[in-house]
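Note sheet for the following structure.
Just so you know, all these numbers are worked out from the coordinates, no wet-lab data involved. Keep in mind it's a predicted model, so treat the numbers as computed, not measured. No Cβ is skipped: glycine too gets one built from the backbone with ideal geometry, and neighbour counts run over all protein chains shown.
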Amino acid sequence: MNQAKKYSSLMRRYKEQPNDTIFAHFGYDGRDGETWEAPYEKLASLAKEENWNFQRAEFRRANQQFPILIGYLNHTFLRLQDQNKIVYSEDGDRACFNTGIQTPNEKDIFATFFRNKKAQQRDQPDWTHFGFFDSYSDRLTDFRPLPPIATYIEDASSLVFDTNCKIEVNYDHLFNDNKDRLPEVLRDNQTLAISAIQGSIELLKEKIIRNYKLAIPHWYRNQIQLLLPLNITNDQEADLALVAEKDTSGNIYRIKTVLTMDMAYMDARLITRPDRDWLNP
């Protein structure tokens, strides 16, 4: 059974978000000491060991242990929705999708939901989260064959930085639109900022030739782009991630924006678990 309705998010993303734009309510038992993150904690306990929180204090938020996991689930859901890979039971009362996350035994983990039949009456999301289960679970019987994972890659060559290409930076766009993301010492001095970024980029190609894994693929606006480390204030630790988009000519990577490390990791995690050599927020 197919569902025609499109949702803005899997779960509530901000306090005033209209309930009819949210796919599902994720409940928890506060009386039993659970917090709102309880459903995601249960998923993390089923999955291969992975740190779903940020490492740096500057990116951590109070009362949040799983911000990367929650962002990952939401964006995975939106991609699956676009690809019509969310499946429904014959009676239309249950739903399921593949989270793309696996157990330590390499079994896919699936998210399941039941329809909230009083959603309109009570102004609530249309669905309620039921649980996360691995592919062996009897709870998934009604959804077999089980739904596939979200896919992003059409051309494998897009995953590797082509060192034959030039790098072109739109400094005006980068500085005007991303000023607040730059190190504080550069925010009010465009000349110094451009000089510092130019110096870092000049060294990038040589670094990538020696270690191709420095260029990390991420998913943004329905396309694969590459994240590159921007070291300005510290040679050992990247300050920001440059977003390199290959020109349609195939000869140039254009850089129009930079991402903070937490933003970059969230986007990259959709495709695969990134190497934390430099992308380690």
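Which of the three applies to the stretch 87-217, rounded, prolate or oblate, going by the alpha-carbon gyration tensor with a ≥ b ≥ c and a/c under 1.5 meaning rounded? Note, shape of the stretch 87-217 comes out prolate. Only Cα pairs under 8 Å and 6+ residues apart enter the sum, and on that basis the relative contact order of the stretch 19-143 stands at 27 percent. Taking a straight Cα-Cα cut-off under 25 Å and skipping sequence neighbours fewer than 8 places away in the same chain, the lysines within cross-link reach of Lys256 are Lys166, Lys179, Lys205, Lys207, Lys213, Lys246. The phi torsions of the stretch 26-34, fed into the Karplus equation with coefficients 6.51, -1.76 and 1.60 and a -60° offset, translate into couplings of 9, x, 7, 9, x, 5, 9, x, 6 Hz, rounded to whole numbers, with Gly and Pro shown as x.
Stretching Tyr171 away from Asp275 to a fully extended chain increases their span by 34.7 nm, per 0.36 nm per residue minus the current alpha-carbon distance. By its C-alpha gyration tensor, with a ≥ b ≥ c as the square roots of the eigenvalues, how is the stretch 19-143 shaped: rounded for a/c under 1.5, else prolate for a/b larger than b/c, else oblate? Note, shape of the stretch 19-143 comes out oblate. Taking every C-alpha pair closer than 8 Å and separated by at least 6 residues, the mean separation divided by the residue count of the chain gives a relative contact order of 15 percent. When Cα Rg over 2.2 N^0.38 Å is computed from the coordinates, the matching label among [x] 1.51; [y] 1.12; [z] 0.94 is [y]. Per-residue 3J(HN,Hα) values for the stretch 160-170, derived from phi via the Karplus relation 6.51 cos²θ - 1.76 cosθ + 1.60 with θ = phi - 60°, read 10, 5, 8, 6, 7, 8, 7, 10, 10, 10, 8 Hz in sequence order (x marks Gly and Pro). Across the stretch 5-13, computed HN-Hα scalar couplings (Karplus, 6.51 cos²θ - 1.76 cosθ + 1.60, θ = phi - 60°) run 5, 10, 10, 7, 7, 6, 10, 5, 10 Hz from first to last residue, x flagging Gly and Pro.
For Ile153 and Glu106, FRET efficiency with R0 = 25 Å and r from the beta-carbon atoms, rounded to 0.05? Could the numbers behind the result be given before it?
Working: r = 20 Å, r/R0 = 0.80.
For R0 = 25 Å, the calculated efficiency reads 0.80.
Listed by chain and number, the lysines placed with their C-alpha closer than 17 angstrom to that of Lys117 are Lys5; residues fewer than eight positions away on the same chain are left out. The magnitude of the dipole of the stretch 17-145, with charges of +1 and -1 set on the Cβ of Lys/Arg and Asp/Glu and taken from the Cα centre, is near 180 debye.
Computed over the alpha-carbon pairs of the stretch 156-269, the distance histogram in 10 Å steps reads 14, 50, 32, 4, 0 percent, short to long.
Using 0.36 nm times the number of residues separating Glu202 and Lys48, minus their current alpha carbon distance, what extension gain do you get?
Working: separation 154, 0.36 × 154 = 55.44 nm, distance 3.83 nm.
Once the chain is fully extended between Glu202 and Lys48, it gains 51.6 nm.
Once you've got the GNM for the chain with C-alpha springs shorter than 10 Å, pick whichever of Leu259, Leu69, Leu186 has the biggest mean-square fluctuation. Comparing Leu259, Leu69, Leu186 in a Gaussian network model of the chain, the most mobile one is Leu186. With respect to the chain, whose longest principal axis is taken over its alpha-carbon atoms, helix 190-210 is tilted by about 80°. Measuring r between the beta carbons of Lys15 and Ser137 and using R0 = 41 Å, the FRET efficiency lands at 0.75.
Our summary gives the stretch 66-210 a relative contact order of 16 percent, counting only alpha carbon pairs under 8 angstrom and 6 or more residues apart.
Residue separation of Asn211 and Glu90 scaled by 0.36 nm, minus their Cα-Cα distance, works out to 38.6 nm of gained length.
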